Amino acid sequence: EAQVTQNPRYLITVTGKKLTVTCSQNMNHEYMSWYRQDPGLGLRQIYYSMNVEVTDKGDVPEGYKVSRKEKRNFPLILESPSPNQTSLYFCASRGDGYEQYFGPGTRLTVT
Amino acid sequence: SQKIEQNSEALNIQEGKTATLTCNYTNYSPAYLQWYRQDPGRGPVFLLLIRENEKEKRKERLKVTFDTTLKQSLFHITASQPADSATYLCALDVDTGRRALTFGSGTRLQVQP
């Protein structure tokens with residue numbers, strides 16, 4: 001089954017404790033991205049990657065890092081999480097068409 | 001500034017009626033527009049894409065129109081069912097360089113049995 005997976009689905013952590021949210025897709029897509037979704041603000045792109053070793057900032061990149069060492073994986077790294085990064089995070093991939101396939105989401109709470 | 005507007009108020013309709021959702025945008029010239037469905041706590045699911053040179057697109061009970069002069073898209077669900085209850089997001093391609101989609105905040109649809 002074609003899908004995007006994310007782990008963990010839920011995470012509660014404390015300020016400053018580094019964390020990584022993993023993302024993997026099995027559709028051989030070149031383009032992947034991370035979004036955060038907050039009430040009233042909609043989905044906002046954090047980072048994107050057009051291919052292996054090619055990443056760039058989206059609309060709200062501050063406080064986040066990404067890497068793309070393999071085509072299928074695109075982890076999101078929060079080096080020093082802060083409470084304003086409490087949000088619902090989605091990984092997405094896009095194939096040759098224009099539609100994006102989203103993962104199930106990771107709900108992050110930073111206390 | 002660039003903006004995508006969807007009705008933030010929930011739309012409540014009776015089962016069997018046609019639901020019509022609106023997406024308005026300003027200061028964009030998108031090459032295409034997409035509609036997604038999102039259920040609570042889940043990722044958005046792609047429904048339809050319509051290009052700037054297309055006026056209308058259909059898929060089963062769904063219909064999308066795209067008026068680049070009015071800068072508006074309408075999303076219709078005919079013969080609506082309670083299972084259609086969800087939040088519907090419109091998204092525009094506004095930066096073809098980074099292939100980014102910019103999303104509206106969504107409209108919640110509630111179909112009453």
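The values are calculated or read from the model by the stated rules, or taken from the named source; none is laboratory data. If you're wondering where the values come from, they're calculated on a predicted model, not measured in any experiment. FYI the Cβ positions are ideal-geometry reconstructions off the backbone, even for glycines, and counts take in every protein chain you see.
Just checking, does segment B:39-54 include any residue being modelled with pLDDT of 95 or more and in contact with a Ser or Thr (Cβ under 6 Å, 6 or more places away or on another chain)?
no
Working only within segment B:15-39, note down all residues that are exposed (fewer than 13 other Cβ atoms within 10 Å of the Cβ) and of a type in the set (D, E, K, R).
Once the filter is applied, which keeps residues that are exposed (fewer than 13 other Cβ atoms within 10 Å of the Cβ) and of a type in the set (D, E, K, R), segment B:15-39 yields only B:ASP39.
Within segment A:70-111, track down each residue that is of a type in the set (Lys, Arg) and either part of a loop (DSSP other than H, G, I, E, B) or away from chain B (no Cβ under 11 Å) (or both). Don't jump to the end; show me each part of the working.
Going through segment A:70-111, the residues of a type in the set (Lys, Arg) turn out to be A:71-72, A:94, A:107.
Result: A:LYS71, A:ARG72.
Suppose the filter is more than 10 Å from every other protein chain (Cβ to nearest Cβ), under 26 Å from A:ILE46 (Cα atoms) and at pLDDT 95 or above; does B:TYR88 pass it?
On the way: more than 10 Å from every other protein chain (Cβ to nearest Cβ): yes; under 26 Å from A:ILE46 (Cα atoms): yes; at pLDDT 95 or above: yes.
So B:TYR88 passes the test.
Of everything in segment A:20-69 that's more than 11 Å from every other protein chain (Cβ to nearest Cβ) and among the small types (Gly, Ala, Ser), which residue is farthest from the chain's Cα centre (by Cα)?
The qualifying residue farthest from the chain's Cα centre (by Cα) is A:GLY63.
Please determine, by comparing only the residues of segment B:40-56 that are under 15 Å from B:CYS23 (Cα atoms) and not hydrophobic (A, V, I, L, M, F, W, C), which one is surrounded by the fewest Cβ atoms within 10 Å (Cβ to Cβ).
Of everything passing the filter in segment B:40-56, B:LYS55 is surrounded by the fewest Cβ atoms within 10 Å (Cβ to Cβ).
Are any residues in segment A:19-36 in a loop (DSSP other than H, G, I, E, B), surrounded by 11 or more Cβ atoms within 10 Å (Cβ to Cβ) and out of contact with any Ser or Thr (no Cβ under 7 Å at 6 or more places or on another chain), and if so, which ones? Walk me through how you get there before you give the answer.
Keep residues of segment A:19-36 that are in a loop (DSSP other than H, G, I, E, B), which gives A:26-30.
Then keep just the ones that are surrounded by 11 or more Cβ atoms within 10 Å (Cβ to Cβ); that gives A:26-27, A:29-30.
A:ASN26, A:GLU30 - these are the residues of segment A:19-36 that are in a loop (DSSP other than H, G, I, E, B), surrounded by 11 or more Cβ atoms within 10 Å (Cβ to Cβ) and out of contact with any Ser or Thr (no Cβ under 7 Å at 6 or more places or on another chain).
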